[in-house]
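The block underneath contains the structure these notes are about, expressed in structure tokens.
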Amino acid sequence: MTDPIQAQTWIQQHVLPYIFQTKITCITIGNEVLTGNDTQLMSYLLPAMQTVYGALGSLGLKKDVYVTTAHSTGILGNSFPPSAGVFRQDLAEYIQSILNFHSQTDSPFLINAYPFFAYKDNPNQVSLDYVLFQSNPGTTDPITNLKYDNMLYAQIDAVYSAIKAMGHTDIQVRVSETGWPSKGDPSEVGATLENARLYNGNLLSRVQQNQGTPAKPSVPIDVYVFALFNEDLKPGPSSERNYGLYYPDGTPVYNIGLQGFLPRMDYSASYRNGLDFFHLLLFPVAFLICTL
């Protein structure tokens, strides 16, 4: 995607034919590239973002679709207290340039945040109520004296602090992925249906209240929930196949109050008319992403 012709061709094939039928707002270049092991890919990341942005401009779409990339929380060298959040030093040269790009193009910084992993790895130290948005004593940032009643908001504010430490206060942080598995292996502590229902249900309630984080109370959190469907063929631990709000046959795994907003999904339709089934799935995906 560092080739302008390739980038423009890709947009003409994969964005232009659909942008008037569905709301396409964002193109992410790669996913968690900076926490991978491919340094060559890391060096390609920003040039690819710049080239795709330029291609959108040449097609008259740069005001409609922004360009960004999604990072894991592994890019943070420190995340607690939130006000002391900083990026890893070994990634600083990449992140600084990416932040400059976001500032110039008015595009958000995306983070994939999963409090589940923090709880799974240390259930004796991390409060389950704290990660599930349940009632709890919370924790106070000793530097700012701001109180946090859930881990997700603390993670978001740690990213804001890390961005500020690099000289930017004009970039919005959005959560490109968060969620909780409804099932897992015996070693995956906390991966239960009830915990998944509580996490996503309580998160939806916070979003509906237009809440901001303690450090950014006037900026409502913008969250993309992972995922709409369980990925029943995905490799890895059991949790990887059980993040969905729905089973592959279209029935809900649990109810967090979205059923009234989504059309009924008839799995049998896939056998009668694959195209109709595809269109049926398209609306829930767009609704969930745009709403959450």
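The values are calculated or read from the model by the stated rules, or taken from the named source; none is laboratory data. In this text, all values refer to a predicted model and were calculated from it rather than measured experimentally. FYI the Cβ positions are ideal-geometry reconstructions off the backbone, even for glycines, and counts take in every protein chain you see. Areas reflect the complete protein model, heavy atoms only, side chains present, ligands, DNA and RNA absent. Shrake-Rupley method; radii C 1.70, N 1.55, O 1.52, S 1.80 Å.
Answer yes or no: is there a residue in the range 214-224 that is among the aliphatic types (A, V, I, L, M), crowded, with 18+ Cβ neighbours inside 10 Å, out of contact with any strand residue (DSSP E or B) (no Cβ under 9 Å at 6 or more places or on another chain) and modelled with pLDDT of 95 or more. Yes, the range 214-224 has at least one match.
I'd like to check something: does the range 159-166 contain any residue that is in contact with a Phe, Trp or Tyr (Cβ under 6 Å, 6 or more places away or on another chain), over 30 Å from I24 (Cβ atoms) and either small (G, A, S) or open to solvent by 10 Å² or more (accessible area, probe 1.4 Å) (or both)? Checked the range 159-166: no residue is in contact with a Phe, Trp or Tyr (Cβ under 6 Å, 6 or more places away or on another chain), over 30 Å from I24 (Cβ atoms) and either small (G, A, S) or open to solvent by 10 Å² or more (accessible area, probe 1.4 Å) (or both). Between F101, F116, F80, the distinction of being under 28 Å from L132 (Cβ atoms), over 18 Å from the mean Cα position of the chain (by Cα) and not β-branched (V, I, T) belongs to F80 only.
Inside the range 90-145, can you point out the residues that are farther than 22 Å from A191 by Cβ, open to solvent by less than 10 Å² (accessible area, probe 1.4 Å) and β-branched (V, I, T)? If the condition is that a residue be farther than 22 Å from A191 by Cβ, open to solvent by less than 10 Å² (accessible area, probe 1.4 Å) and β-branched (V, I, T), then I95, I98 are the ones that fit. Per the listing I11, I19, I5, I27, the residue uniquely more than 24 Å from G77 (Cα to Cα) and assigned to a strand (DSSP E or B) is I27.
In this structure, E177 does satisfy being acidic (D, E), in contact with a strand residue (DSSP E or B) (Cβ under 9 Å, 6 or more places away or on another chain) and either at pLDDT 95 or above or open to solvent by 20 Å² or more (accessible area, probe 1.4 Å) (or both). Scanning the range 32-68 for residues that are polar (S, T, N, Q) and touching an Asp or Glu at 6+ places or on another chain (Cβ under 8 Å) yields one hit, T51.
The number of residues in the range 123-142 that are aliphatic (A, V, I, L, M) and assigned to a helix (DSSP H, G or I) comes to 2.
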